[in-house]
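The values are calculated or read from the model by the stated rules, or taken from the named source; none is laboratory data. In this text the structure is predicted, and so the values were computed from the model without any measurement. Here Cβ is always computed from backbone atoms with ideal geometry, including for glycine, and neighbour counts include all displayed protein chains. Just so you know, the surface numbers come from the protein's heavy atoms only, side chains and all, with ligands and any DNA or RNA stripped out. Shrake-Rupley method; radii C 1.70, N 1.55, O 1.52, S 1.80 Å.
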Amino acid sequence: VIKETSGRYPENPALISPQFQIRQNYRELYDQCRKTAKGLLALGIQKGDHVSVWTTNVPEWVYLQFALGMVGGVLVTINTNYQSHELEYILKQSDSTTIFLIDTYRDTSFYDTVRKIMPELDASAPGNLVSAKLPLMKNVVYIGSKENTPGMFKFFDLIKMGEQVTERELDDRMSALSDDDVINMQYTSGTTGFPKGVMLTHHNIVNNARMVGDMMGMTEKDSLLIQVPVFHCFGCVMSTLNSVYHGSAMVILESFDPKIALETMAREKCTAVNGVPTMFVNILNHADFGRYDLTSLRTGIMAGAPCPVETMNQVNTKMHCSEIVIAFGQTESSPVMTMTRRDDPVALRVATVGRLLPDIEGKIIDPETGLDLPADTQGEIVTRSACVMKGYYKMPEATAHTIDQDQWLHTGDLGVVDKNGYFKVTGRI
């Protein structure tokens, strides 16, 4: 995807990260991703290796998303709010061989947390870690300004190491991959038990990004403010991959801040903005809201929770997002299943989660009998498409429980669908 887009729109703005003084066009972004990919090859990343990334929305996250895709490494996304026991569980369950981390976020030191789980780092040479708790973990790569990081490579070292790898070696690896390979693993706890690693393929997420952007009307003339976390599908499928597929600019904030969001949307003349309803509420209610010119905005996605009608009206009028859409889905379906359309009336945008995307099937069934239910009758929402995950990593029973013999994904969500095909979510089973 990034190779094709950089060929089509080489001079178009691609990645704008004001907090890190990054401004790259698609030719430069593709070049940076290739350098990162060659670094991964130099590090010894094989096709199918699991690589955890524990960072905020830093530029390196985007380079790694596409570079891992190029070498066939599996990006394991890690929630920035995790504490050490959660991090340890995921690194172990995912069989990660490598972790990338930043220094700190809010009041959590990622650096100290990783050293607590792997005290052996202090006496290890970078790349030669032998960890008692994580026997498969070999490489720790640090992104940040600390001088002394025993046992860890720096991101800069990785790029330098990659200079020994030829362009041909990278091209050979890229041509050895299949779009059905798992490329992304996201952990979801659902409502019960330990987090499960959702295995998503190139085919899953590229198609979902394509459909989502098509519904928003995204083109190479758009620029999307990305303030949702990239460790979540909302960030890395509906935002970054959506932008790259459609040749749009990614304007990335390290984390959500209503004032920085307002400043950035106005300065960069963003045409689209994604967020959960509380983000939009915080932006609209900011004391300085009236000082910023947001007339460039046109569309965006609201997802993650129902949107109050008043908020939707204000986003349409005060924020000029007359084409804002609502999306619904879950990580297991890469993630979006239904969306409202840009010309739907406000009533449908606040009362429903829209209609099925063009290439996606969905229906309501009786959770007890599994039989299809008629319109306006509550039951379980199920979906079937090329976006449904390969399964949960190393959890065959959980996978079989979630995806039935006919390949329907059972979402565990209760809902109804009306005669016009609009879905409403009414609860969890």
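With respect to the chain, whose longest principal axis is taken over its alpha-carbon atoms, helix 26-42 is tilted by about 50°.
Which residues does the label zone of Phe156 cover in segment 1-33, counting backbone N under 17 Å from a point 7 Å along Cα→Cβ? Residues 20-22 qualify, since their backbone N sits under 17 Å from the label point. Extending 7 Å from Cα along the Cβ direction at Ser189 and again at Asp103 yields two label points whose distance is 3.0 nm. For Lys138, the lysines whose Cα comes closer than 20 Å to its Cα, not counting residues fewer than 8 places off in the same chain, are Lys38, Lys47, Lys92, Lys116, Lys154, Lys160.
Share of pairwise Cα-Cα distances greater than 43 Å in the chain is 11 percent (whole percent). Note on Val130 and Asp372: the model spin-label points, each 7 Å out from Cα along the C-beta direction, lie 6.1 nm apart. Bridge orientation summary for segment 242-357: considering DSSP beta bridges with both residues in this region, about 40 percent are antiparallel.
Straight-line reach from Lys424: taking Cα to Cα under 30 Å and skipping same-chain neighbours fewer than 8 places apart, the lysines in range are Lys196, Lys318, Lys363, Lys390. Taking Cα atoms only, the orientation of helix 258-268 departs from the longest principal axis of the chain by about 90 degrees. Rounded to whole numbers, the Karplus 3J(HN,Hα) couplings from phi for segment 327-335 are 10, 9, x, 7, 3, 4, 10, 6, x Hz, using 6.51 cos²θ - 1.76 cosθ + 1.60 with θ = phi - 60°, and x at Gly and Pro. Taking a quarter of the surface of the Cα convex hull of segment 1-115 gives a mean projected area of 7.5 nm². Here, P(r) means the percent of Cα pairs in each 5 Å bin from 0 to the largest distance; for segment 42-91 it is 5, 21, 28, 21, 18, 8, 0. In a simple Cβ point-charge model (Lys, Arg +1; Asp, Glu -1; nothing else charged), the chain has a dipole of about 620 debye relative to its Cα centre.
The relative contact order of the chain, computed from alpha carbon pairs under 8 Å that lie at least 6 residues apart in sequence, is 13 percent. Could you tell me the calculated FRET efficiency between Asn148 and Asp359, based on Cβ-Cβ distance and R0 = 45 angstrom, to the nearest 0.05? Efficiency computed from Cβ-Cβ geometry: 0.30. Rounded to the nearest 5, the antiparallel percentage of DSSP beta bridges internal to the chain is 50%. What's the carbon and sulfur percent of the chain's accessible surface, probe 1.4 angstrom, rounded to a whole number? It is 52 percent, rounded to a whole number. Computed about the Cα centre, the dipole magnitude for segment 163-232 is approximately 440 debye when only Lys and Arg (+1) and Asp and Glu (-1) carry charge, each at its Cβ.
Other residues within the sphere of radius under 14 Å centred on the Cβ of Ser189, judged by their own Cβ, net out at 0 (K and R +1, D and E -1). With bins 5 Å wide beginning at 0, the percent of Cα pairs of segment 106-200 falling in each bin runs 2, 10, 13, 14, 18, 19, 13, 8, 2, 0. In the frame of its principal axes, segment 283-429 has Cα extents of 55, 36, 25 Å, reported largest first.
Computed from Cα atoms, the angle from the helix 202-216 axis to the main principal axis of the chain rounds to 40 degrees.
Summing Lys and Arg as +1 and Asp and Glu as -1 over all other residues whose Cβ lies under 14 Å from the Cβ of Asp418 gives a net charge of +2.
Note that segment 346-355 has calculated 3J(HN,Hα) couplings of 3, 4, 6, 6, 9, 9, 9, 10, x, 10 Hz, one per residue in order, obtained from phi through the Karplus relation 6.51 cos²θ - 1.76 cosθ + 1.60 (θ = phi - 60°); glycine and proline are x.
For segment 201-352, the alpha-carbon radius of gyration amounts to 0.94 times the rule-of-thumb value 2.2 N^0.38 Å expected for a compact globular protein. The Cβ shell under 10 Å around Leu373 holds other residues with a net charge of -3, Lys and Arg each +1, Asp and Glu each -1.
Considering only His50, Pro135, Cys33, and ranking their Cα positions along the charge dipole of the chain that arises from unit charges at the beta-carbon of Lys, Arg, Asp and Glu, the one farthest toward the positive end is Cys33.
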